[in-house]
Every structure is written in C-alpha cells, then in structure tokens.
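Enquirer: Pasting in a structure now, in structure tokens, and then I'll have a few things to ask.
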Amino acid sequence: MDGSFPLGAAVTAALITSGVDPWISMLAAMIAGAAAGAVTAFLNVRLGILHLLASILTMIALYSINLRVMGAPNVALFSEATALTPLEALPLPAFQSKPLAFLVAIAVIAIGLNWFLRTETGLAMRAIGANPRMARAQGARVGLLIGMGMALSNALVALGGSLFAQSQGFADVTLGVGTIVVGLAAVIVGEAILPPKRIWIALLACIIGSIIYRFAIQLALSADWLGLEAQDLNLATAILIVLAMSAPSVRAKLGARRRGPAR
Amino acid sequence: MKPLLLLSAAGLAFAFSAAPVMAENKSVAITQIVEHPALDAARKGVQDALAADGFTVGDTLDWTYESAQGNGATAAQIANKFVGEEPDVIVAIATPSAQAVVAKTSDIPIVFSAVTDPIAAKLVPQAEKPGGNVTGVSDLTPVGLHLSMIDDAVGGVEKIGVIYNPGEANSQVLVDLAKSEAAQLGYEIVEAGAPRSADVKAAAESLVGKVDAIYVPTDNTVVSAFESVVRVGEQAKLPVFAGDTDSVSRGAIAALGFDYYQVGYKTGEVVARILKGENPGDIDVQYASLGMMSLVVNKEAAEKMGVELPEEFLAKAQ
C-alpha cells in the first residue's frame, strides 16, 4: 500500500501532464496498482516468499519505479485539467463539491465491492482470508484468488492515490509514507465501532473508520490549547484513537460495576 | 439601574481594551512537511526576521505552526485547516507542503521557503512579479556562485572540469545550469562522466592537464566516491571543489552551502512586507544570494593541492 498509493498518483500525474485524458489516466493508475498487487501475490504464491516480506519487497521496489514513472520526485498538476475539473462548473465551492464527488465515488466502489464479495469468487476469496487451509480443502484455487484479491485491493489503493493527486494538485514520491498504517488503523477502528456481521457492514466500517482517523488528526491539529505543539501530532492522533476505541469498553465496564457483580 | 450601568461600563472597558489589540495583531500560519535540522533552521529564520520587523510571536503576532510529520495526506489536511482559519499569510516550508496549500487557496497570501524549483513545482508561473497570491524563496543550487567561488580561491581560472553521473537527472540539470552560467561568466566547462562509483577515479584522471580546477556537483555517484577525486587532485596538484559542504571535510578545498537559517530569514522578510500591505504577486521569487550561503574551507586540502588561498577568500569563510 505504501507503494501502490504513490504509484497511482505517479501514473496519473505523469499521464495527465503528457496530455492523456484524466479518466484514462485513472484507469491506467488502477491497472498499474493491480499489476503491483499481482507481483506481490506472485512473489508469495509462486516463489514462496513470506507474504509480509513479499509486500515489503514490492513496496521498496515501487519507490524506484515511482521515481522512474514521474521522472522526478515531484510532479505538479495545478494547471492541467483533471477528472475533477468539471466540478468547477457546479454552483458549489470546491470544499463542498469535491467531498460530494468523493462520496459518490466511494458509494459506487462500496456497492461494487459488496456485490463482488458475495459472488462465488468473492466468497471463495473471503474464505481464503478467513482460513486458507479450509478453503483449499473445499476446492478453492487459493493461488489464483490471492492474486486476484491483491490485484483488486492494490488497484483500489492506486485509485485512491490517483484521486489524491488530482484533488491536491501534485504527486510526490514520499506520498505513501504511513499509508498502510492509516489503512490498518481505519479498518480496526471501524470494526471496533461497527462489529462487522455482514459484508456491507464491514465495508461501511472501513469507510467510517478512515473518516474517524482523519477526524482524530484534525482534532490533534486543533489541540493547541492543550499545550500540544506541532511535534506532538502523531502522538496526539494515537491517543485520540485509543480514547475512541476504549470508550465503548470503558462505558460497558462502568455500567457493569454500577449494576453490581452478576454473580 | 446600578448593576446595569456597572455592567455596561465593564463592557465598554472590555471593548476598548480588547479591540485595539485584536485589530493590530497579524497572524501567520506555517506548515512544514517534516522535522529536519535544515527546515527547522529555516523556520527559526522566518520567526527571527519577523521579530526584527516588529512582529514578535506571542506579542504582536499570532503564530500557528504544524508539521505533517512526513505524511503527504496530513500536509493536505493542514493546508485545509489553515485556509479555513484565514491567517494573513501562510508560510509553507518545502515543496509538498507548498503545493498542498497552493491547491487550496488563491486568495490568502502564501510565501514558500526552501523550494528548489518553484516554477517546475507550478507554485508560480515565473520568478519575476509572479502575480497571484504566491511568492517565496528558492534553494536552487547557485552553480554560478560556486564557479565564481572557484575563481576567487584559485585565481586565473579558465577551464573547470565537472565530474558527474549522466544517469542522474538532478546532475544533468546542474551541469546544464553550470554550462549556461559559465558561458556568462567567461569560463569553459569540461565534462567527465562517471556512470558508476568505480569510474570516478578514471573520470577525474581524464581531466588532468585539461582544466584549472575540478568541480563536483551534488551528484550522488561521484560524492560517494569523493576520496578518489581528492586523491587525483592531490597527485596532479589540481584543486578540487564541491557543491556540498559535507565534502569539504572529505578533502575538497571549499564549498558554498546553504545556510537554511538565512534562507528562512529572507522568507521572513518577504512575509513582513506582505503583512505591511504589499501584494505577494508583486514580490519577485528570491533565489540564492551570497547572503544566504555559508563558505566552508579546508586549508589543509588547499595546501595538498598546491593552492594558496587569498586572505580575503579566507575572511569570508566561517
């Protein structure tokens, strides 16, 4: 993920600056992301490299590839037309129209994923995630499905990078730093708040989790009155997320104590 | 009646005491991509320059500082926050932070600092009178100043050899810049390519007898094998100069490096001009000048390469 996110941004920025249609650039970014995911899966499934190491290897390799793709550590997109440019025609300020457009994009992707993960292939993919040995025993083609899953997820991460580059007006090789951490945190926070009993709830949980994570950063940025300084940002974000996650369990415990011991 | 009167008197007093301070205080918000000694020094410079102009942090100036701690998405979020707060000036240190802010506002004045190539980064359309709401200070390597420094140190220089890796895009830019600057200053550049660290010695030797001095730009391949250039220089009594100050302790005679505190100080002066009412679009983007540089000299290396450094040259060193 730390590699695919800037990869999506890099491919989009490089193609748009050389005059390619932004929508085609976005598609190309997704294909590049899918290829990166497929490489990770290949390293893991065919060459038997441990999954964590396989993704680390792809991630570090992508740093160089991203530099090659852009031809520089940083490409600016301010003056080019992007897929978001048509939004300027709407009678809404950018800080309203962009989030709305992203909301639509997220909804479309979530509905698509919800459908896909309930097809036979999607179910088999989820089974592999839950218990690979069991899935293999049931006749699922584990290697192929891991490859597809990795390609799909990395294509989506690259799409995220592509949208970031288009909305923020630049792609930078350091963009991906910490993406995997943010992604994991978002999933876990989301699932803690919204226990995923069904697949669409799990998808919703991911979306809510990532929004909560950004809220935590925003709160940490605005917490100057607490005597927090700029260098405390990451610590403050971490503490806020701990608070958000522990709130339900603390409340449950307090409630239990008030009711008295059950036994 | 009495309490009401007292209350309104208190209200009046509050209004009179509070209003002038509120009106006078200017606000500056500063965003930085990551904590880093050079960038932190630049930030300190901005603060000190503002204080020298009467804008003291916490007294006559409201100052907000945020660091993205290395994360591009957080830099964008900081930019959003600053634009929402509408300070009088936003200062952005380093390219990604500057781009994040420029993408968000075309009204609030933005002053960037420590951005290598603001035109390629599309922060400003041109350096002179950039128009719009953005101006700032660049830290593009002043190759022309480096070449003049070599002449100041050695004297009578006509041909300068440049060793670099043609595969490094950054070096190619520097060499092209060196050639155009040299043409203006009346020097001739002789190139020597070294695609690998192992080729650096041969490249340096190929320059012996052809040039009056060797200049090594900030090329990663050549700098990693800097000692081989120094050895050739000592044997052939050919003075070697570097583009970065770290190479001076490794045997270069001298180098002009950025003093990031001074880069920040220049940035702060621009911010102060805008706070006093100037339009950012009318202020030229500033490039490195001697005032922003610090000269580092290695006398021992000069002796080994048979160069006697002039007194006035040594006086400029720190």
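Enquirer: R0 = 25 Å: FRET efficiency of B:D107 with A:F78, Cβ-based, nearest 0.05? Don't skip to the end; give the middle numbers.
Expert: Details: r = 16 Å, r/R0 = 0.62.
Approximately 0.95, to the nearest 0.05.
Enquirer: With a 1.4 Å probe on protein heavy atoms only, tell me which residues of segment B:116-141 lose at least 40 Å² of accessible surface in the complex relative to the chain by itself.
Expert: B:K122
Enquirer: Name the residues of segment A:74-118, by number, that are at least 20 Å² less accessible with every protein chain in place than in the isolated chain; the surface is that of heavy atoms, probe 1.4 Å, without ligands or nucleic acids.
Expert: Hits at the 20 Å² cut-off: A:N74, A:A76, A:F78.
Enquirer: Any idea of B:H36's accessible area? Nearest 10 Å², probe 1.4 Å.
Expert: 90
Enquirer: Kindly express, to the nearest 10 degrees and within the range 0 to 90, the angle between helix B:37-52's C-alpha long axis and the longest C-alpha principal axis of chain B.
Expert: Result, in degrees: 50.
Enquirer: What lysines does B:K304 reach when the alpha-carbon gap must be under 22 Å and sequence neighbours fewer than 8 apart in one chain are set aside?
Expert: Straight-line reach from B:K304, under 22 Å: B:K159, B:K201, B:K210, B:K237, B:K316.
Enquirer: A further question on this structure: Can you pull out the buried accessible area for chains A and B, both sides counted, probe 1.4 Å, rounded to the nearest 100 Å²? Don't jump to the answer; show the numbers that get you there.
Expert: Working: alone 15990 and 14830 Å², together 28720 Å².
The contact between B and A buries close to 2100 Å².
Enquirer: Mind pulling the angle between the C-alpha long axis of helix B:260-275 and the longest principal axis of chain B? Nearest 10 degrees, somewhere in 0 to 90.
Expert: Between helix and principal axis, roughly 40 degrees.
Enquirer: Could you work out what % of the accessible surface of the protein assembly as shown is carbon and sulfur, using a 1.4 angstrom probe and leaving DNA, RNA and ligands out of the count? Numbers along the way, then the final one.
Expert: Working: 17880 of 28720 Å².
Its accessible area is 62 percent carbon and sulfur atoms.
Enquirer: Keeping all protein chains in place and using 1.4 angstrom, which order do B:V102, A:V69, A:V189 fall into by accessible surface area, from largest down?
Expert: Ranked list, largest accessible area first: A:V69, B:V102, A:V189.
Enquirer: From the phi of every residue in segment A:92-104, what ³J(HN,Hα) in whole Hz does the Karplus formula 6.51 cos²θ - 1.76 cosθ + 1.60 yield, where θ is phi - 60° and glycine or proline is x?
Expert: 10, x, 4, 6, 9, 5, 5, x, 4, 4, 5, 4, 4
Enquirer: Further, regarding this structure: Between B:L185 and B:S289, what FRET efficiency follows from the Cβ-Cβ distance if R0 is 22 Å, with the result rounded to 0.05? All intermediate terms of the calculation are to be shown ahead of the outcome.
Expert: Working: r = 16 Å, r/R0 = 0.72.
Computed FRET efficiency for B:L185 and B:S289: 0.90.
Enquirer: Using only the Cα atoms of segment A:25-138, construct the convex hull and provide its projected area averaged over every direction, in square nanometres to one decimal.
Expert: On the way: hull surface 40.6 nm².
Mean projected area of the Cα convex hull: 10.2 nm².
Enquirer: So what is the accessible area of segment B:143-242 per residue, in Å², with the probe set to 1.4 Å?
Expert: Numbers: 4090 Å² over 100 residues.
Dividing the accessible area of segment B:143-242 by its residue count gives 41 Å².
Enquirer: I would also like to ask the following. What does the accessible area per residue of chain A come to in Å², with a 1.4 Å probe and no ligands, DNA or RNA counted? Don't skip to the end; give the middle numbers.
Expert: Values: 14940 Å² over 263 residues.
Here the per-residue accessible area is 57 Å².
Enquirer: Which values, in whole Å and largest first, are the semi-axes of the equivalent ellipsoid of chain B obtained as the square root of 5 times each eigenvalue of the Cα gyration tensor?
Expert: Numbers: eigenvalues 471, 76, 51 Å².
They are 49, 20, 16 Å, listed from largest to smallest.
Enquirer: Restricting to DSSP H runs of at least four residues, report the calculated mean residue ellipticity at 222 nm for the protein assembly as shown, -39500 (n - 2.57) per run over all residues, nearest 500 deg cm²/dmol.
Expert: On the way: 22 runs with 332 residues, N = 581.
Estimated from H runs of four or more residues: -18500 deg cm²/dmol.
Enquirer: Between rounded, prolate and oblate, where does the protein assembly as shown land on the alpha carbon gyration tensor, with a ≥ b ≥ c its root eigenvalues, rounded for a/c under 1.5, else prolate if a/b exceeds b/c?
Expert: On the way: a/c = 2.18, a/b = 1.28, b/c = 1.70.
Cα axes put the protein assembly as shown in the oblate bin.
Enquirer: Mind giving me the nanometre distance, one decimal, between the label points for A:L53 and A:V20, set 7 Å out from Cα along Cα→Cβ?
Expert: 3.4
Enquirer: Using a 7 Å offset from the Cα along the Cα-to-Cβ direction at both A:I193 and B:Q126, what is the distance between the two label points in nm, to one decimal?
Expert: In this crude spin-label approximation the distance works out to 5.0 nm.
Enquirer: Please work out how much accessible surface B:E188 shows to a 1.4 Å probe, ignoring ligands, DNA and RNA, in Å² rounded to 10.
Expert: B:E188 has an accessible surface of roughly 90 Å² with all protein chains in place.
Enquirer: Among the lysines, which have Cα under 26 Å from the Cα of B:K104 when same-chain residues fewer than 8 positions away are ignored?
Expert: Excluding near neighbours in sequence, the set is A:K98, B:K26, B:K44, B:K81, B:K122, B:K129, B:K266, B:K276.
Enquirer: Return the Rg/Rh ratio of segment B:143-242 with Cα-based radii and a Kirkwood Rh.
Expert: Values: Rg = 12.1 Å, Rh = 13.1 Å.
Ratio value, two decimals: 0.93.
Enquirer: A further question on this structure: At most 11 other Cβ atoms within 10 Å and a DSSP loop assignment: could you name the GluC sites (Glu not before Pro) in segment B:90-177 that fit?
Expert: On the way: sites: B:E128, B:E158, B:E168; in loops: B:E128, B:E158, B:E168.
The qualifying sites are B:E128, B:E158.
Enquirer: Taking chain B as the reference, fit the longest principal axis to its C-alpha atoms, fit the long axis of helix B:72-85 to the helix C-alpha atoms, and give the angle between the two in degrees, 0 to 90, nearest 10.
Expert: Approximately 40 degrees, to the nearest 10.
The values are calculated or read from the model by the stated rules, or taken from the named source; none is laboratory data. Fair warning: this is a prediction, and the values are worked out from it, not measured in the lab. FYI the Cβ positions are ideal-geometry reconstructions off the backbone, even for glycines, and counts take in every protein chain you see. Areas reflect the complete protein model, heavy atoms only, side chains present, ligands, DNA and RNA absent. Shrake-Rupley method; radii C 1.70, N 1.55, O 1.52, S 1.80 Å.
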